[in-house]
Amino acid sequence: MSAWQPTATRTQLQRRAELLAYIRGFFSARDVLEVDTPALSAVPVSDPLLTPFATQFVPEGGGTAQHLYLQTSPEYPMKRLLAAGVGPIWQLCKVFRNGESGRRHNPEFSMLEWYRPGFDCAQLMDEVEALVLPLLPASAVARLSYARLFADKLDLDVFSASVEQLAACARQHVAFVGELSRDGWLHLLFSHVLEPDLQQPTFVYDFPASQAALARVIEDEQGRPVAARFELFVAGVELANGYWELSDAREQAARFAADRAEQQALGQTPRAPDEHLLQALEHGLPDCAGVALGFERLHMLSAGLTHIDQVLAFPLARA
């Protein structure tokens, strides 16, 4: 096949269009407003594990160039809309993540993201299931806590296991040389050992509090602190990541500071916090839950395909 030609067949391009129509109908029926936010941002994403694309705006005729970043997610501007009182919202947009390329990754891809004021994680999982289940060869979606998954599959108590125990378990299953933090070992075990076994659609919820990201921290049924977040896996593929959203501006500022410290420790240039988001949280973010879902992955899984290039007209290699 010549390099100028698309990697997706016309059948898959048509299926993409049908999925778009299905999603618009789904949210229209629930009175969730479609919105559009900028792909360019004045500040990069805070997450040290994500690398944004950087660019510059150079004023025509001269002037000071402005450093900008392509969004890795529309989360920050969508939360600003929520704080402004627009109500439940969704969008399907292009996002960009530097360095991510492979069977399930393209550095430019489409993300479906939506926010539901008044929802918690359980209610949002119900809605995610209602959206995706008709598209998958399955009749139900299982729900399993993070702690239960580790206990059942690896006989590990994630609340009491030491770093040494986690490292020993990881080295039994994964060829890895080096040292990691406690969360580093948990991430390694989850991604390389547990995640591939999640073949049937499964929500994993109640992540460790140290992995809260932009989710609030709550107590589980045993009174232990956990992150109010979930991920959906299908055929060993992470499809969606949802939060009961953090609304405390002071806590968000502290997490931005922690991210900067981690960036420094990893040898990265520390990234400035998003002051617009902090101001929006100070103004008042409604109690809400939000989720991001990989649109091309949903397309792949619904069509029984195994490579993201099969659902993209022109992936990076043919850009």
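The values are calculated or read from the model by the stated rules, or taken from the named source; none is laboratory data. Nothing here was measured: the structure is a model prediction, and the numbers come from that model. Cβ placement follows ideal geometry from the backbone for every residue including glycine, while neighbour counts extend to all protein chains displayed.
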Across region 258-309, which residue is nearest to Ala84 (Cα to Cα) among those that are of a type in the set (Gly, Ala, Ser) and at pLDDT below 95?
-> Ala272
For region 101-154, what are the residues that are closer than 30 Å to Arg318 by Cβ and in a loop (DSSP other than H, G, I, E, B)?
-> Ser101, Gly102, Arg103, Arg104, His105, Asn106, Pro107, Leu136, Pro137
Need at least 1 residues that are more than 27 Å from Leu281 (Cα to Cα) and modelled with pLDDT of 95 or more per element, so show me which strands (runs of 3 or more DSSP E) inside region 193-236 make the cut, counting only ones lying wholly within it.
-> 202-208, 225-234
Go through Phe57, Phe96 for me and flag whichever is within 18 Å of the chain's Cα centre (by Cα), among the aromatic types (Phe, Trp, Tyr) and on the phi < 0 side of the Ramachandran plot.
-> Phe96
Sole miss for Ala140 among (1) hydrophobic (A, V, I, L, M, F, W, C); (2) crowded, with 19+ Cβ neighbours inside 10 Å; (3) in contact (Cβ under 8 Å) with a residue 24 or more places away in the chain is condition (2)
Residues within region 55-72 that are of a type in the set (Val, Ile, Thr) and out of contact with any strand residue (DSSP E or B) (no Cβ under 6 Å at 6 or more places or on another chain), tallied = 2
Any idea which residue in region 184-199 is farthest from Asp152 (Cα to Cα), counting only those that are more than 16 Å from the chain's Cα centre (by Cα) and surrounded by 15 or more Cβ atoms within 10 Å (Cβ to Cβ)?
-> Gly184
Determine, yes or no, whether Glu238 is surrounded by 14 or more Cβ atoms within 10 Å (Cβ to Cβ) and farther than 19 Å from Leu92 by Cα.
-> no
Among the residues listed as Thr37, Thr55, Thr11, the single one being in a loop (DSSP other than H, G, I, E, B) and at pLDDT 95 or above | Thr37
